[in-house]
Every structure is written in C-alpha cells, then in structure tokens.
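Have a look at the structure below, then the notes.
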Amino acid sequence: MADNTQILNLVRELFEGPNGDDGKFLDRDSGLFSTLSHIRSDQADAHPVGQPSLYNITLHVRDTLTHGLALARDAHAREPNWSLAWDPHHATNADWHALQTQLEHDYREWKSLLEHSEVARSSAVPTLVHLALHLGGIRRQWKLLRARG
C-alpha cells in the first residue's frame, strides 16, 4: 500500500492539480477544482443525449467525497443512496457555485482527516480511484460540449 505522503500527494493532485509539471497522473491545470472552475453553469446543466449532465456527475462526486469522509470517521459507515445524484437536476449559476464551494470544504476536511488518521488513510485509496474515474468523465464530457459549441 502507498505510504502516507503518497496518498496525500495523490489526493491533493486529484483536487488541486499537479504541483507544476510534477503530476503523477494529471496534466497541469487538470485537477477537479480547476476543471470545474472553467465550466459555466449552462454547460454543467446540459444533458447530452444518453449522458448525465456535468452537474449530475459532480453531484455524484460530492456524494462519493461525502461517503469518503464518513468512512474516514467510521470504517462501517452506511452507503448513501447513490441513485439520487443521477436523478435529473437543473443547475442554476448559484447551485453550480454552491456545489463547488461544498466540494472545496469537504476536500479540506477529508485532507485534514487523511493527514491525522490512519483509519482515514486506510479508506482513501478506493475513494480516490472512484473520484479520479469521475474526474476523467467530467473532463471528457466538457471537452465534447466545447467541441459542439
């Protein structure tokens, strides 16, 4: 298993992006926060045919992070109702910015727990991998939306 520093660096890279050109798995300016900050609320709200909106995916990221926080506190935390994030939602500009603010707050809390708790670190890798998967989905879908104009 990765040591504490490696886990913390990967979590930081996922959310904040790589430190300069020293990314382990992301390119510069491609962390979750940077990516979301470039997406307008109307883009987040778009529902491509057969795909969830970026807002829905980001709601699921929030739920995954919230569950990661719960697991960091209690290894036997209950699973959330994962399907709620995938229900149709419409994002106003205020909703979109509030979701980003909540993610930043929850990230800071999770990172603090990871820095100080072995229990938290032991549950971090599955959460990190799942979040990375969805960051890739967000970046892919945003690229497609920009290509369509």
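Bear in mind that the values in this text are calculations on the coordinates, not laboratory data. Please read these numbers as outputs of a predicted model, since none were measured by experiment.
Rounded to the nearest 500, the 222 nm mean residue ellipticity of the chain from helices alone is -21500 deg cm²/dmol, with -39,500 (n - 2.57) taken per DSSP H run of at least 4 residues.
Using a Gaussian network model of the chain in which every pair of alpha carbons under 10 angstrom is joined by a spring, one finds that among Asn19, Asn81, Asn93 the greatest mean-square fluctuation is at Asn81.
Computed over the alpha-carbon atoms, the chain gives an Rg to Rh ratio of 0.97, Rh here being the Kirkwood radius from the mean inverse distance. Across segment 70-131, Cα pairs under 8 Å and at least six residues apart give a relative contact order of 56 percent. Counting only alpha carbon atoms, the long axis of helix 124-148 and the longest principal axis of the chain meet at about 20°.
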